[in-house]
Ligand code: PHE
């Protein structure tokens, strides 16, 4: 106009960066997906939907914890939505195939929670667009085995595992290796299928062996089913498991007394943990579990990498991510090793009287 000085200086149109989230929002591990989605959205909200000079646009997809569906939604995010990066997925069985698709397309992936080594490395070859915010299962299995030997005084263990699930197969193998190396004996190693619901034949056999520990490296729904049937068969072994137990929907009664390895404890006295627990609880009305915490950390890490890169080009984001060091995440300090894996502590929690109780922390 001609009113003098009324016209604002022209600003360049703000560019948009697209980020995808893949998580199991429905299906057998849906509490994992709910936590991850909550925390992802909280992190984006805190950023003011902005990173560097970009406005953030995000797309959320449900893989239902089904590997074929994970590939479908990853394909869609990459080819249709044209995301620069993906946060996800949660389970190793879904994240491994997603990592193949994203690596081939040159899109950055950071999984908050997938702990199997094959997520970032394939047959010894690093998939350099792929990262994670959690420790890996060789460490987790070793921590569980050492705890059984040193703290529980266990000499014998029985193990049940899902023969079609990368996470449970891997965790079983790493546990077994460390338990045997430490002088323990694995008296039974029994495979089942994801669709199995009746474990009585196997549990009858295991009851006769009287193992000190029953190791159950699977997700909350399945371990609850097995745990309940094991007690019904008179098995008195201490139940032991991994991060897959972390759900409000675990059978608190059947699993009472059991121990599991995990990524964080809300009882951790560090101030950043307390701040996180308070703000998540205020927004969602529940204490953040490890899944929420790692998803928050993974999303923040990705935003830090995008900011550092100053670009939405996935190759630049990948390089920026790889160069991040000592990132102060809620779950601990994060620097990536040459395989995109952070080196972090584990905690051991006990299921006791309807709650998770902090037992101990184990440093790498
Ligand atoms: N680590 C599990 C996997 O790789 C996923 C998981 C992480 C589940 C944390 C619960 C808590 O499949």
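Given 188, 178, which one is touching a helix residue (DSSP H, G or I) at 6+ places or on another chain (Cβ under 8 Å), away from the ligand (no atom under 13 Å from the Cβ), within 20 Å of residue 341 (Cβ to Cβ) and without any contact (Cβ under 8 Å) to a residue 60 or more places away in the chain?
Selected residue: 178, the only one of 188, 178 that is touching a helix residue (DSSP H, G or I) at 6+ places or on another chain (Cβ under 8 Å), away from the ligand (no atom under 13 Å from the Cβ), within 20 Å of residue 341 (Cβ to Cβ) and without any contact (Cβ under 8 Å) to a residue 60 or more places away in the chain.
Looking at (1) part of a strand (DSSP E or B); (2) within 15 Å of the ligand (Cβ to nearest atom), which is the one condition that is false for residue 94?
With (1) part of a strand (DSSP E or B); (2) within 15 Å of the ligand (Cβ to nearest atom) applied to residue 94, the lone miss is (1).
Assess whether residue 105 counts as being crowded, with 20+ Cβ neighbours inside 10 Å and modelled with pLDDT of 95 or more.
So residue 105 does not fit the description; no.
State the number of residues belonging to segment 119-159 that are in a loop (DSSP other than H, G, I, E, B) and crowded, with 22+ Cβ neighbours inside 10 Å.
Final tally of qualifying residues: 7.
Between 217, 211, which is buried (at least 18 other Cβ atoms within 10 Å of the Cβ) and farther than 17 Å from residue 29 by Cβ?
211
The conditions are (1) within 26 Å of residue 136 (Cβ to Cβ); (2) within 22 Å of the chain's Cα centre (by Cα), and residue 281 fails exactly one of them. Which is it?
Just one mismatch for residue 281, condition (1).
When you scan segment 64-71, do you find a residue that is in a strand (DSSP E or B), within 16 Å of the ligand (Cβ to nearest atom) and within 25 Å of residue 250 (Cα to Cα), even just one?
no
Would you tally the residues in segment 279-291 being free of Cβ contacts under 8 Å to residues at least 60 places away in the same chain and surrounded by 13 or more Cβ atoms within 10 Å (Cβ to Cβ)?
3
Of everything in segment 323-364, what is surrounded by 15 or more Cβ atoms within 10 Å (Cβ to Cβ) and not in a strand (DSSP E or B)? Give them in sequence order.
Correct list: 324, 330, 331, 339, 340, 341, 343, 344, 345.
Being at pLDDT 95 or above, surrounded by fewer than 19 Cβ atoms within 10 Å (Cβ to Cβ) and within 23 Å of the chain's Cα centre (by Cα) narrows it down to one of 188, 181, 193, so name that one.
One residue alone meets the criteria, 193.
Being away from the ligand (no atom under 16 Å from the Cβ) and out of contact with any strand residue (DSSP E or B) (no Cβ under 7 Å at 6 or more places or on another chain) narrows it down to one residue among 278, 212; which is it?
Step by step, each of 278, 212 is checked, and only 278 is away from the ligand (no atom under 16 Å from the Cβ) and out of contact with any strand residue (DSSP E or B) (no Cβ under 7 Å at 6 or more places or on another chain).
Of the conditions (1) away from the ligand (no atom under 16 Å from the Cβ); (2) assigned to a loop (DSSP other than H, G, I, E, B); (3) closer than 24 Å to residue 165 by Cβ, residue 115 satisfies every one except a single condition; which number is it?
Condition not satisfied by residue 115: (1).
Can you tell me which residue in segment 10-33 is modelled with the highest pLDDT, limited to those that are outside any strand (DSSP E or B) and away from the ligand (no atom under 15 Å from the Cβ)?
Within segment 10-33, the match that is modelled with the highest pLDDT is 26.
Somewhere in segment 254-262, is a residue more than 15 Å from the ligand (Cβ to nearest atom), without any contact (Cβ under 8 Å) to a residue 40 or more places away in the chain and within 30 Å of residue 159 (Cα to Cα)?
Checking segment 254-262: at least one residue is more than 15 Å from the ligand (Cβ to nearest atom), without any contact (Cβ under 8 Å) to a residue 40 or more places away in the chain and within 30 Å of residue 159 (Cα to Cα).
The values are calculated or read from the model by the stated rules, or taken from the named source; none is laboratory data. What you are looking at is a predicted structure, and each value in this text was computed from that prediction instead of being measured. Please note: Cβ atoms are built from the backbone with ideal geometry, for glycine as well, and neighbour counts cover all protein chains shown.
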